[in-house]
Structures are given as structure tokens and as C-alpha cells.
1. Mind telling me which of A:293, A:11, A:303 comes out most flexible in a GNM of chain A, alpha-carbon contacts under 10 Å?
2. Considering only DSSP states other than H, G, I, E and B, which GluC sites (Glu not before Pro) in the range A:227-302 qualify as loop sites with at most 10 other Cβ atoms within 10 Å?
3. Counting only DSSP beta bridges with both residues in chain B, what percent are antiparallel, rounded to the nearest 5?
4. Which value, in debye to the nearest 20, describes the size of the charge dipole of chain B about its Cα centre when Lys and Arg Cβ atoms bear +1, Asp and Glu Cβ atoms bear -1, and nothing else is charged?
5. If we count every other residue with Cβ under 12 angstrom of residue A:21's Cβ, Lys/Arg +1 and Asp/Glu -1, where does the sum land?
6. Arranged from highest to lowest average of other beta-carbon atoms within 10 Å per residue, in what order do the peptides B:143-150, B:72-79, A:410-417 appear?
7. Give me the one-decimal nm value for the distance between modelled label points at residue A:350 and residue B:57, 7 Å along each residue's Cα-to-Cβ direction.
8. Taking only C-alpha pairs under 8 Å that are 6+ residues apart, what is the relative contact order of chain B in percent?
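Quick note: the coordinates plus some simple rules give every number you see, no bench work behind them. This is a predicted model, so every value here is computed, not measured. All Cβ positions, even for glycine, are placed from backbone atoms using ideal geometry, and neighbour counts span all protein chains on display.
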There are 2 protein chains.
Amino acid sequence: MKKQINIGLLGLGTVGTGLAKVLMDNEAILTARVGIPLRLKTIADIDLDSDRGIPLDTFELTEDAHQVVNDPEIDIVVEMIGGEGIAKELILKAIQNGKQVVTANKALLAKHGNPIFKKAQEKGVDLAYEASVGGCMPIIKTLREALVGNRIQTMTGILNGTCNYILSKITDEGLEFAAALKLAKARGYAEADSTLDVEGYDTAHKLAILTSLGYGMAINFDDIYIEGISKITPLDIEFAEQFGYRIKLLAISKGGSEAVEARVHPAMIPFDNLLSNVNGTLNAITVTADVVGKIMLNGHGAGMMPTASSVVADIVDIARNLLRQTSGRVPLMSYQMEQIRPIPVTPIQNISTHYYFRFLVQDRPGVLSTISGILGKYGISLKSVHQKGRKTEGSVPLVMLTHLAREEDVQNALAEIRVLDVVSREPMLIRIEDESDRE
Amino acid sequence: MKKQINIGLLGLGTVGTGLAKVLMDNEAILTARVGIPLRLKTIADIDLDSDRGIPLDTFELTEDAHQVVNDPEIDIVVEMIGGEGIAKELILKAIQNGKQVVTANKALLAKHGNPIFKKAQEKGVDLAYEASVGGCMPIIKTLREALVGNRIQTMTGILNGTCNYILSKITDEGLEFAAALKLAKARGYAEADSTLDVEGYDTAHKLAILTSLGYGMAINFDDIYIEGISKITPLDIEFAEQFGYRIKLLAISKGGSEAVEARVHPAMIPFDNLLSNVNGTLNAITVTADVVGKIMLNGHGAGMMPTASSVVADIVDIARNLLRQTSGRVPLMSYQMEQIRPIPVTPIQNISTHYYFRFLVQDRPGVLSTISGILGKYGISLKSVHQKGRKTEGSVPLVMLTHLAREEDVQNALAEIRVLDVVSREPMLIRIEDESDRE
């Protein structure tokens, strides 16, 4: 039996530093649980001089990540570099060398997961990625293990803390998007280039991973519909509030054996939907499945320590397999590899949901009948119509909520409406996911 | 390698029937995930004639549970009988025979867990019990695996659906406790004898298991303070609402290396505590830990199918170990057995929290100063005082909220106050857990 597990860390950024910290601070508790020590042997990073607030002198340090990947003493390679370039090369090399791998690289797994998983399976090594989705929430473990007896039906998540913080600030303080984003940057909740977060790509990476796992399918990342939050205004949030809704950036996956929905966009959800109370930088995900009903996980979706917690859990999972000289105990993608199949993703045009429209229209007779006439032509039935709010430069907000409608019909109707003379600005469309958790 | 896993089920009650149903209905999906079939070979129950709505003709049926436990073909024994008598005997016999065991028997594990776990460890078999706490929520897996790198600090749970349903009905509809209990029974959410649920014992069983797991300790069940919900009135709930609180039956565990708190009682929690929005029969648990911060799980805590979902997850976990001829991969009690130690449970007298008092007092001068004088004598400092509500037979409700106070001081003060001539009824005391989830 092994006397200790040797770990090699690639990338001493925020999460990498958090990992080193946990392995040092909680060494005793980890040994008490695992039975043998987990030893962080080597750290590779191109910058070994910056102060990360932790002592590095007990570790082997190198600027050459390949040295870690090729070190015969290293059992587990932890990839915390990120991105789709060098990280991919190093992971594949580590697998080739028979090493177990832990990563939090959602972009890589979302786009190139399948061939990497196949390679790991061929080489008989484990590849763990709990930290790639939902930070500290054990959603990967829940899907692969706790819900193993379930047919997953829907997954709905608030998976990006930056967006949730910004939307919470707009909601609570009436800030405009740009001001809320600025605040998020000032508080360290958003990066200098926030595109990946606020335009929904980060959320979509996570949704791709969840969708693959949930239904046992290979997903083409480009099939996911992605819309960010930069167009959301305090006015829409105020209207939503009046109708009993909050606006959240949701990752939505609805499964079936013939087709799945996979989309990321801002959505209105009712106050009594549990996700509506998940505020600030918190993340949450609800899973609906045939046996379990509905289950929710909630916690910090990012940050140094919460994410490091999941990385450590992955390391321990693998260490426990190594101690018993077994690997691949749980299939990498939840289903046995030969059971993974392509399931088509329904194009956004073909989905049906409820809609909120806000038009800025000239305050004159006949406008309402013109717009509702166009909607009617496309079979879009209205649940309610509200003309309220201040008149600005002769225009007033006209808000409409629809019954269930098809996206393609909605887009066709909007194409006609947006070019009307009486419509002053680009119409606002927010989808409504009208699911209550009230019993 | 094994070609299939043979399961023996003891007890075809609600959850047992749910398990048989999942294994039949989701056979294909389970095989696609596990790789080989899980076969329910034998079912033992003293009543094999009642219709459970599922076909039983493909199973071996027996009235003799020992036949299952002694069957050399059975790999996993699933104990769904409950209670501390025959269930304990059968589990110990199964372990003795080298069988893997799955159980949801919280009363048994809360009171006799340690010797049973030791026996399983000695015989090198797994004993899984995810369904014993929180129904479908994977809280055991989360504590044993996902949070393995964390020092657990607090666990706070709504762990009994019957109580949560009753409190929700009192809150939403202003029902008296007795009427809400009657409704719960009519809807099948409470059993004929509801004592175990409404007096908090069921919650305490679950808390005992969580506390052992969280801190790596052996717990004496009798050290847990237990108070149920039968004294809660609509009036208290209304007052709570006015102060920004909801009343929930909480399981509270606060850990340290020198002492832990473990208590079950109704508590007021602020609206922006995530647990306050967990209503109806739903359960939830929050765990605070040093690395992860705070994490919450939420779902159905009971019921045929949600509980069966966890039992299946346990079966699959064990099946995956059997396929690799390993067991004890994750320590039964989260820590290596030799690391489990006794940590004293702080007596309720020594805990400190905030309090809500409601006195029914005669509406005459001097009453307030007498009562506040007694509280002051014991060092209990008041946060606010409210005299409001209708006068009944010359008495009015006097409500007080305290700053942090020690339980023993509070009990001593109440002992003096309850015998005052001006106090018409037994004083009401509800503890306040003033933790907000607002960022």
C-alpha cells in the first residue's frame, strides 16, 4: 500500500494557491480522513516570485510544467492553468504518462471534453473535474453518484457569480448595468475583461458539462444558445418585480432521449422559485429528476477557497482509488463510455416558453392594436398588457407578458414590430421560466 | 468480474416498495451507468399479500428475513424494516456473513451506530446510510466526500418534513397546531402517532448522525437537547413575522475540537436566511466549513421515491466497490476509525443565543419593571420590548427580544417570572438563530 500520494500542481493562480493553502492548513484533518498524507510535491508556474501569502519553501518549484507531468513520482497532476492551449497539451501528456488528473478547466472540457475523457479511459486513469462547475457545490458528484438511479429531466442553474452579483446590485440599488459592472470589478467579483462572464459564455461552458453528464451525451458547444445580461435595465427589473418575478442569468437544460434544450439567457423567475432568493455572488443549481423530484444545491460558485474545496475533494476521491489500485470506478461522463451518444440540441427557434416584451412606443391611438395584431398573426397569445411608466420624448413603455409561445414566432413578430414607425427603440425581450416551488 | 449484483431487500414498506420500483423502472439507465445489472433477487416481508401497486412475481419472496441474510448469492442486504430491534439483529448478522449493507435506519444509527460501524469495519464490508438523513439530499456523501478537505463548523437543518409542513400551514393559514397536524395526517404527511416527528426525536436522530460524521466523534444520543413544535402558536408566528423572522424546527450542530453543540428546537430565523424560504414538506441543510464557506442542500426529505433515490445511490456506490473487489474505500464515519474520539456535547444550560419571550401579563402598572428587573438580575439584556395585541380576560401579551444570553440564566429568570401573580400563563420561549445570508 502507498505511504503517501504525491501531487503536482500546474498553475499557482488564485485557485492553485487556495489548494496549496488547504493542503497545508488542513493536513491533519485530511490525513485523519484519507489515512495517508497527501503531499504537494511540485508546483509549476511561470511566475514563482510574486508573493501569494503562503510559504513555498517546502515545495519543489519549477517553471517547466512538463517536468511535473513527466515526474515518475507524481501520482496526481492538478491542472489549474486554464484555457484551451497549453492546459490541454499538459493534460493529454499527463494522461499519456499514466497520471491521474484533476482540473477545473470548464472551457476545455466544454469544447474538447469527449476526446480527453476517451483518452483517460483508454489509459485507465481518472480525470476529475468537480471544480469546473459550481465552485464548491458538489454538482458533478451529485449527478454522477447521488442521482445515479434517476432519469435527469431538467437542470436550472445560476452558475456565474459575477452576473448574479451584477443583477443583484441592479435589483437592490437600481444601478444601471455599467455601474453595477464597475462595482463588481472594484470588489474583485469581475475580471478586467468581463466578456466571458457577462455575455454568458462561462455559464454556457458549465451548462455544456452538466448537459453531457446529465443525459449521457456528447454535446457540441456551439449548439448552446447564449445570451448575456448586458442589456438588462433597472426598468425591466422593476417591472419584473411588479409581476412577481426576479431576473437571473440562467443555465437551462431540459432533457429527453430524443432531444435536449440547452440555453443560457436572462430569465424571469417567480419569487417562490427557490433560485429567486439566491443573491450576490452565490450560485445555485436545481435538478429535477424522475425519482428524486427536485433537489437544489447552493453555495459559492467561485473564489479561491470554495473552488479549492472541490479540487481537494477530487484529489481525495482519486487518492482513495489509488490506495486500492483501482481507477475509473465511476464512469468519467456518468454513463459507461460506450453508452454515450449524440442527442440533438433543439435550436432556440423551436423552444416554447413565456415572454416579457417591453416596447417604447409613441403615445398615440392605434399603437396597441397594431402591435397586438402582429403578435396575434403569429399565434402569440397575451397574458397581460401594461402601459405604465413615465413618458419620455413622447414615448411610453408598453409591457406585455405572453402565454406559452414559440421562439421562432416571437422573433418573426418582433422583426415586424421593431420596424414600425411608432416603436422608438429596439424592443426588449426577456424569457419567463414560470416554475414555482410552492407546494 | 461479477456479471451482476444480487440485492436482498428486508421490508417492503413505503421506501422498500419505492426501491423495487426504481430498480425495475430505471433498470436500463442504471445498467448504462454501472456497467452490469443490479438484480433485486429476494424480498422479505411479513406481509406479502397486500397490493403495493408493483408486480412481485419476478422476485423470490419470503417471510423469513434470515433467509436473505444467509443467502450466499446475495451481495447487498438492504434493511428497510426500521426500528432498533429485529433490524439491528439482521444488520449485524448480514455483516457477520460478509454482506454489504444499505440502511435508512436513523434511529438505529443514532443510538447504536458506533458498534455497528466497528463491526462492519472489522469484517471489511461497506455499510451505507445516505437515506437515513435528508431523504434525497446527498448530505452524507457531501460530508464524507465533497467536504473532505474542510473543517466542519456548523450544520443547521430542517430535517423533518412533517414539522416543516405543519409550521408552514400555521404560518400561511393561521391554523392552530392541532388543526395543522390534523391536516398533515389527512394529506399523508404525518403518521397516526406523530410523536417521533413533532416532538423532534426524528430530527434529533438525524442530527446525531450528522454530528458524528461532521466532527469525527462518537455521540451519546441522550446528550442532544430536544424540543418539538407542539407549543408553537399562530400568535408567535405572527410576532416573528413582524420582527422579520420565520419559525422553523431546526437541527443545530456547532463544532469545535473541544466541545460541540447539538440541539433540536423551534427557532426564529431571519427572512434572508436561505432556510427561511424552505417551506411545505421540503427539507434543507446548510453546512458552514472553513474552506467552503457555506453550502446548502435542499430537497424532499422523505417520501417513497426521494428516499429510494438515495438507497439506489448507496447500492450503486457499493456495487462499484464490489466490481473492483474493494470495500471501505470511504471511511464509514468519514474519519478513519482510529481517529474517532469522544467530544463532549455542551449541555443546553451552557449555550448562548438570542431569545424571544412572550408573557401573558395583567395590564397594570409595574408589571414591565418587575419582569425586566428579574431579567436584568440574571444579566439578560433586552434588545426590544413590545406590548401589543388584544387584551384577553384582563391580560395582554408582552413580547421581549434579548441580546445574546446564556440559557441557564434565561431558565433561572423564567423560573422566577412564571410564578409571579401578574403572569397569567406559562411563558413562551423561542430561541433566535440570527444568521443572515445577505451579502
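1. Maximum among the listed residues: A:293.
2. Counting only loop positions with at most 10 other Cβ atoms within 10 Å, the GluC sites (Glu not before Pro) in the range A:227-302 are A:258.
3. Approximately 65 percent, going by the DSSP bridge assignments.
4. 820
5. Net local charge, residue A:21 excluded: -2.
6. Per-residue mean Cβ counts within 10 Å order the peptides as B:143-150, B:72-79, A:410-417.
7. In this crude spin-label approximation the distance works out to 4.1 nm.
8. 16
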